[in-house]
Each structure stands twice: as structure tokens, then as C-alpha cells.
Amino acid sequence: MIQELRIQIKKLIKDKTVDLVIGWEKGTLPLTATPLFMKTEEDVDRLIFDHTCRNNLTTFLTKDKRKLGKQYDKIGIIVKGCDGRSIVLYSVEKQIKRENVVIIGVPCNGIIEKKKVYQKIDKKEILEYKIEDEQLYLKGRDFEITLPFDEVLCDSCLSCSYPDALETDHFIGDAREKLDLPNEYSQVEEFEKKPSEERWELIKEEYSKCIRCYACRNVCPSCYCNVCFVDQNDPQWIGKTPEVTDSIIFHLIRNLHVAGRCVNCGACVSACPVDIDLLMMNKKVEKEIKERFNYTAGTDINEKPFTATFCENEKQDFIMS
Amino acid sequence: MVKIKKTELSGLINYLSEKYQVFAPVKDGKKTSFQKIKSADEIIDSIPNTNLSPKSIFFPQAEVLFKYDENGIKVPKKDEKPFAVWGMRNCDAKSVLMLNKVFGNAHQIPDNKMYNDPYWKQKYDSSLIFGLACNAPLSTCFCNWFDGGPFDEKGSDVFVIETDDHFIMNGISEKGKKFLKEYKKDDKSDIDKEKIESLKQKAESYLSEKVDISNIYDKLNKIWDEPIWEEISSKCINCGACTFVCSTCHCFDVSDEGKSGKGQRIRLWDSCMFPIFTNEASGHNPRGVSVQRVKQRVMHKYNYFMDNYNEHLCTGCGRCVLVCPVNLDIREILKKIIKV
């Protein structure tokens, strides 16, 4: 599959259909891929696609003052299912012109969450690894272990109904339909059952770990405000200390700001250097939007954002209770 | 040298606690960091270095400089007991020395006066640092690039070597020596020098090959306008994870929080990665885009700090390598630069 993908991308670069293609290459750490910006055919030889390609690369289309979009007329981008939803979201929210982006879909069978792997091996160092037959084989100085995939995949992958991009220009491999996941919100439902004091304690416990590095915000494809509210300092909108009272405001506002816009890529979870469970609240909000507005972000390029439409039969109990 | 059984650590921590507030590496949620401890049971052992760096002991992420209300200004009271830190790896102990050059060591200000940061000094000057030899560095460790090593004693008051059942302690600074003398009778007879040497060699063998970066300062002076910066910075997403886990990054911002006549001034960690770092009141930002900020990080570490203090502001602890969400590996950046 990777050869076919490389041939396709080389062709796009050679034909000058695109000026740049964003993909992944092997990183410097075990189980880690790193973004690759391909401008020449030689660059393409470094391209990989496997269970380590964690980053949602679409974030580069909107980050750093949308520099890439200004620098290049036509950008190719390789997308997994979730990344593909980000592109759709960008198009729906008019952040990109669909015709300026060449979307290359690849079949995603889930991404490995390094954090889970390191928990399993008690944070020992991995010196060798192999991925085969839905299993992860690891070797370190004093251990050898084989882990089944379902124990080490990202939580966002385990609750993903859209493994393959819906909107593509090219798809390498066989694209699959939407999956039906009966337990997509099981963790959220567990959370909802708890009394409010307990829920509040859980939220506080998670967000008190925050060191305010904003890795979650910066890897997030849906976080693309020109000036984020945390960077508003004239006047200052929120406190900047790592105290939970300040951090919680950052996280809950971010939660609401990506409401109906989060594509469940889980990039924030993997990026967090202090392992905050950022997915749960995002899933909670996603579930809420789905129930109230029958809307799932990034799944229909012709649909308007849920906040930009109104139907008379929408649940309005928050207004008329 | 003083040798104690590992089981005596608990006694040592209790002994220290009489005079000091003791900090040590502990489990902090799913991660590890240096925190104030009450007993030796809280200490986690056998980790190369903590996920979060110990710089926060002396340079907290948020530090109240003063509070004010209608009665005037109040500076927070000095901590009652001085700090003792157990278990700093060589990379971290060296980092604290570097930070002391900035905050504590008579930094010259333009009108020819010397400036010492009182908030730093009151914590650092009276502290006692127990460095702990690193028996198993990670593959992301590159202390050897900066002439450090897993058994480097620099920055420690007392340097501790961990063997299977014992801690062997050696006084390095005057206050370290004084402490050991008071704590236990010096006894060299029982020290297995060969064992220590073999531990040291084993630890060093874990490190990857040293890369010669002696020309990095000169190279950086010459490549300011080169396109290589675009290449280096292209994948950086400008979060502050690298700078916040870094044991030597020390840029800070001062924030006033207050309303109706009451409030406080806080010193907060800042990060050159952030879009409002060096954003001026006019709205102009000399480092408005990513490439300029990545350049600032590299220049500060491997060039500007050399100008000011004659060393690199990096000890090769490898934390930034481990946390970067896009695997922008500082070692790769350095290798690229030395080859330009």
C-alpha cells in the first residue's frame, strides 16, 4: 500500500498538481512518526503510513497565521478518517477553499497510544518494536512483551465510527463505510450517572494536572482562532497560573469552543505532557450535540455548522423549561 | 564518604526534615515530578529523570511577588525552613546551577549595579541538593554532548551513588561536606571503588554516541538569515510543552491580577513558543511567526547564553524530546545546524 501511495504522491508532485504534500515519516523515538513536508519526489521516499502516524496533519493548514495556505497554492494532505473530518470542517467553516486542497485518503486501522504502551511496560524503555498481525511486539533491556492492539490503541480510535475519510480526491486502498459502534459513549454514560459533586471532583482532579503548555490547543485542528482567548491580555481574559481554578476555565471554555467541531482525532490526548484525560469531556459535548441537533462534525461537506442553522423541532428546553 | 543501607533512607529523610523542607521525586498523577515529601515512602526510585523538571522547586511556575490592598503592599513571607532536595540527576543539578547564574549570581544591570533575585536567592542559597548518580540513562539522554555524564557531580552539595543495597554519599560543596560530617562519621574503609566504576561505565554505555557540538555557537552566529530555519521550524506547532518541561528554560512573564483595590503581582513561566511572547503594547511582535520563535529557542540555548555565561543553556536531559507532540527532536536540530 505504501508503494502505491508513494507513486500517487510522486505523480501529483511531478504533474505540479500540488506544490506540497503533508504526510508522515519515521520519527526519532520508538512508535513515533513525525510530520513530513514533501516538495520533491525524493522527499516522498521517506513517507510512511502505519499505526504510529499519530498527528492530525490538517492542523498545519490553519496554524501559524495560515502560513502554508499563503505560501502554496495547492496543498496535498494525507488523511485518516478523523483528519478527513477536519478538512470537511475547515471547508464548512470556510477556513480553506476545498479546491485548493488535494485530499489523499488512507485506510486507518487505529493509531497506537504510546502513553498506554508505556503504562503497560511500567515506563521501561523500548529499544525495539515490531507491529504485526494486530499485535505490538516490544523489546527492552530486561523485558520482551507482545501486546494485542485493542489494549494500546488510542481511546479516540476505539470510539471512532469513521476510520476512513469520507471526502477525498484520491483514496489508496479500500475505503470502508461508517462503522456502527454501540458503545461509543460508554465512558461518557458512566460519567453522566455520577452525582454532580462527584463529576465536579473528577473534572477538578483531571484539570488540576494542567501545566498550561497549550499543547492540546496547538495540536487541535479545530483550535484555529487568530488570537486564542487565553492570549487576550488587553484586558486579560483568564488567569494564567497552573492553579486548578484558572486551568479549569481554560479547559471548559476550550471544550465549549470545540463543541460540534471536535472530530475525535484524539490529538490533544496524545499531546498532553501530563496525561490529562481530555477526550471524555469532548465526547460528552459531542454526544450532547448529536442528541440535540443530530449533528456530527466534519461528516458532510454540504452541511452548515450546527450553530449556523435552526430547526423548529430542536430541543429547546434550555430556553423554555 | 558515607555509606548507608537503602533501608536507612527513611531515617535520613526524617533527619533532614527536622531542619529542612524535603523535596524528592514522587509519583504525581500518572507522571513523576519533584514534590515536598513527609516521609521516604513517597519517593519513587529507579527512574532516569522525572517527567517534570525540578526547576519549579526554586522557580515556581506561578510565584506571588507581592499582594496589595488598602493597607499597602505585602511581600510573601520567607519559607520557614530551607529546602533539601533528594535525588536530582546530574542534568537537573547542573540546570539549577545555570539558573543560579541568571537569578542568583550577581547579574549585572545597565547602571553597573548587581542584581540578585530575592525570590530565587531565599530558596536556593540555603538549600541542600543531593545529586543522585544516574545508573540507567534513557536513549533520549544526551548529557554527554555537554560534557556532563550520569555520574557528574556538578551542582550537587552531596553526591549519592546508588548500589544494589546502599547509598554512598560524598560531600561536594562546603555545606554538603558539613552536613555529612554532622550526619554520620566518615568511613572510607567499606567503599567498593571497583563497583562504583563499573556502575559508572555501565551507565555511560547506555548513552548514545556523543555528537561534537563545539562549533554550534559560531555556526549560529552565521546562519541567522539562512533558509534552514524554515526547514527546522516547519513542523513546530508552537505549544509550550518543550519549554515547560525543560530544566533550564527560565523566561517569565509578570501578571497583575486584581480588582477593587486588592490584588497580587505574579511571576509566571513564559514560553518563547507562545504567540504573545514578546508581543509589544503597540501590537507589533518582532517574533510574530513560528520560525522566529523556534529560532529564539535555539539561539537562547546555544548562542545567547554562551555570550552571557559561557555555556550552553541545555544539559541534555531529553525531556523536550520525549514530550514534543510532533517529534521535533532538538538533537536533530543541532545535528542539522552543525552540518550547515
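Data for the structure
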item: Residue identified as away from chain A (no Cβ under 12 Å), basic (Lys, Arg) and in contact (Cβ under 8 Å) with a residue 12 or more places away in the chain among B:Lys235, B:Lys219; result: B:Lys219
item: Some residue of region B:61-68 being assigned to a strand (DSSP E or B), away from chain A (no Cβ under 14 Å), under 16 Å from the mean Cα position of the chain (by Cα) and under 30 Å from A:Ser247 (Cβ atoms); result: no
item: Residues of region A:55-83 that turn out to be surrounded by fewer than 22 Cβ atoms within 10 Å (Cβ to Cβ) and in contact with a Ser or Thr (Cβ under 6 Å, 6 or more places away or on another chain), as a count; result: 1
item: Positions within region B:317-332 being within 21 Å of the chain's Cα centre (by Cα) and of a type in the set (Val, Ile, Thr), in sequence order; result: B:Val321, B:Val323, B:Ile330
item: Which listed residue is touching a helix residue (DSSP H, G or I) at 6+ places or on another chain (Cβ under 7 Å) and away from every other protein chain (no Cβ under 11 Å), from A:Glu303, A:Glu312, A:Glu288; result: A:Glu303
item: Count of region A:37-49 residues which are more than 11 Å from every other protein chain (Cβ to nearest Cβ), farther than 16 Å from A:Ile111 by Cβ and outside any loop (DSSP other than H, G, I, E, B); result: 6
item: Answer from A:Leu166, A:Leu181 - the residue that is without any contact (Cβ under 8 Å) to a residue 60 or more places away in the chain and more than 11 Å from every other protein chain (Cβ to nearest Cβ); result: A:Leu181
item: Scan of region B:139-171 for residues that are over 15 Å from the mean Cα position of the chain (by Cα), part of a loop (DSSP other than H, G, I, E, B) and surrounded by fewer than 19 Cβ atoms within 10 Å (Cβ to Cβ), ordered by number; result: B:Ser139, B:Asp147, B:Thr163, B:Asp164, B:Asp165
item: Residue within region B:293-312 that is touching a helix residue (DSSP H, G or I) at 6+ places or on another chain (Cβ under 6 Å), outside the structural domain of B:Asp152 (by TED's automatic domain parsing) and assigned to a loop (DSSP other than H, G, I, E, B) present; result: yes
item: Hits in region B:271-294 - residues which are buried (at least 21 other Cβ atoms within 10 Å of the Cβ) and either free of Cβ contacts under 8 Å to residues at least 12 places away in the same chain or of a type outside the set (A, V, I, L, M, F, W, C) (or both); result: B:Ser271, B:Pro275, B:Ser290, B:Arg293
item: From A:Ile111, A:Ile104, residue being in contact (Cβ under 8 Å) with a residue 60 or more places away in the chain, within 26 Å of A:Leu36 (Cα to Cα) and within 14 Å of chain B (Cβ to nearest Cβ); result: A:Ile111
item: Output for region B:120-137, where each listed residue is more than 25 Å from B:Phe252 (Cβ to Cβ) and surrounded by fewer than 21 Cβ atoms within 10 Å (Cβ to Cβ); result: B:Asn135, B:Ala136
item: For A:Val219: the one exception among (1) within 13 Å of another protein chain (Cβ to nearest Cβ); (2) surrounded by fewer than 13 Cβ atoms within 10 Å (Cβ to Cβ); (3) β-branched (Val, Ile, Thr); result: (2)
item: Of all residues in region A:84-111 being part of a strand (DSSP E or B) and among the aliphatic types (A, V, I, L, M), the one that is surrounded by the fewest Cβ atoms within 10 Å (Cβ to Cβ); result: A:Val102
item: Residue among A:Asp174, A:Asp142 that alone is acidic (Asp, Glu) and away from chain B (no Cβ under 14 Å); result: A:Asp174
item: Those residues of region A:210-251 which are over 23 Å from the mean Cα position of the chain (by Cα) and either of a type in the set (Phe, Trp, Tyr) or in a loop (DSSP other than H, G, I, E, B) (or both), in sequence order; result: A:Gln232, A:Asp234, A:Pro235, A:Trp237, A:Ile238, A:Gly239, A:Lys240, A:Thr241, A:Pro242, A:Glu243
item: So B:Gln264, is it surrounded by fewer than 22 Cβ atoms within 10 Å (Cβ to Cβ), in contact (Cβ under 8 Å) with a residue 24 or more places away in the chain, polar (S, T, N, Q) and within 12 Å of another protein chain (Cβ to nearest Cβ); result: yes
item: Qualifying position, being in a helix (DSSP H, G or I) and within 18 Å of the chain's Cα centre (by Cα), among A:Lys204, A:Lys115, A:Lys178; result: A:Lys115
item: Residue in region A:69-83 that is in a helix (DSSP H, G or I) and of a type in the set (S, T, N, Q) present; result: yes
item: Verdict on A:Pro273 being within 12 Å of chain B (Cβ to nearest Cβ) and in contact with a strand residue (DSSP E or B) (Cβ under 7 Å, 6 or more places away or on another chain); result: no
item: Options A:Thr34, A:Thr17, A:Thr28, A:Thr52; residue that is surrounded by fewer than 19 Cβ atoms within 10 Å (Cβ to Cβ), within 14 Å of another protein chain (Cβ to nearest Cβ) and not in a helix (DSSP H, G or I); result: A:Thr28
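The values are calculated or read from the model by the stated rules, or taken from the named source; none is laboratory data. Quick caveat: nothing in here was measured; it's all calculated off a predicted structure. All Cβ positions, glycine included, derive from the backbone under ideal geometry; neighbour counts span all protein chains shown.
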